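A.B. asks: My questions all concern the structure below.
The values are calculated or read from the model by the stated rules, or taken from the named source; none is laboratory data. Keep in mind it's a predicted model, so treat the numbers as computed, not measured. As a convention, Cβ positions derive from the backbone with ideal geometry for all residues, glycine included, and neighbour counts pool all protein chains shown.
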Amino acid sequence: MKKVITYGTYDLFHQGHYNLLKRAKALGDYLIVGVTTDSFDLERGKMNTCNNVMERIEAVKSTGLADQIVIEEYRGQKIDDIQKYGVDIFAIGSDWEGYFDYLNEFCKVIYLPRTQGISSTLLRQKYPIV
Ligand code: C2G
């Protein structure tokens, strides 16, 4: 069985996230989705997330694409997860091209095309909380 893992914040879950999960799922037989904790996002400079971690997990769950959902809470966890879950492929959007090449030591790294014209940042600007 080919296991694929992907990670994200998935704030204001949108079509771009869905397409990414679908493409990642199509690479193998079993998809693990890592969802960042609120504090890990703050640590990595994502300050203005609208949905909390439970809401973001629910959004990923409702797609029915994830066979397993894990919480990502610290730097370096990707290597630990890949080894712990026996992952074959790490997949992520092309906005990260090159950034995760170091994971090639542990599994295959694939950058998937990003969906144009939609992003959480855009949605936050379009529908600000009043
Ligand atoms: N994505 C996409 N198309 C968009 C927007 C996002 O394909 N229009 C993809 C991103 O490339 C990423 C996934 O959707 O693979 C989740 O995106 P974010 O929620 O923005 O999370 P991100 O900050 O990219 O998480 O450990 C966390 C990961 O390293 C990165």
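A.B. asks: Quick one: which residue in 79, 69 is farther than 19 Å from residue 26 by Cβ and of a type in the set (A, V, I, L, M, F, W, C)?
C.D. replies: 79
A.B. asks: Now for a different question. Are any residues in the stretch 88-130 assigned to a loop (DSSP other than H, G, I, E, B) and aromatic (Phe, Trp, Tyr), and if so, which ones?
C.D. replies: The answer is 99, 100, 106, 127.
A.B. asks: Ok, one more. Any residue at all in the stretch 79-90 that's over 23 Å from residue 68 (Cα atoms), under 17 Å from the mean Cα position of the chain (by Cα) and either buried (at least 16 other Cβ atoms within 10 Å of the Cβ) or modelled with pLDDT under 95 (or both)?
C.D. replies: no
A.B. asks: On the given criteria, is residue 41 under 13 Å from the mean Cα position of the chain (by Cα) and exposed (fewer than 13 other Cβ atoms within 10 Å of the Cβ)?
C.D. replies: It is false that residue 41 is under 13 Å from the mean Cα position of the chain (by Cα) and exposed (fewer than 13 other Cβ atoms within 10 Å of the Cβ).
A.B. asks: Within the stretch 14-30, track down each residue that is of a type in the set (A, V, I, L, M, F, W, C) and within 11 Å of the chain's Cα centre (by Cα).
C.D. replies: Answer for the stretch 14-30, where residues must be of a type in the set (A, V, I, L, M, F, W, C) and within 11 Å of the chain's Cα centre (by Cα): 20, 21, 24.
A.B. asks: What is the residue count in the stretch 98-126 for residues that are under 21 Å from residue 11 (Cβ atoms), over 17 Å from the mean Cα position of the chain (by Cα) and in contact (Cβ under 8 Å) with a residue 24 or more places away in the chain?
C.D. replies: 2
A.B. asks: What are the residue pairs meeting all of these: first residue in the stretch 76-97, first residue in contact (Cβ under 8 Å) with a residue 12 or more places away in the chain and of a type outside the set (D, E, K, R), second residue more than 11 Å from the ligand (Cβ to nearest atom) and part of a helix (DSSP H, G or I), Cβ atoms under 8 Å, and 6 or more apart or on different chains?
C.D. replies: Every condition considered, the pairs that remain are 90/82.
A.B. asks: Checking residue 31 against (1) within 12 Å of the ligand (Cβ to nearest atom); (2) not in a helix (DSSP H, G or I): exactly one of these is not met. Which one?
C.D. replies: With (1) within 12 Å of the ligand (Cβ to nearest atom); (2) not in a helix (DSSP H, G or I) applied to residue 31, the lone miss is (1).
A.B. asks: Additional query: Does residue 49 satisfy being closer than 22 Å to residue 128 by Cα and within 12 Å of the ligand (Cβ to nearest atom)?
C.D. replies: yes
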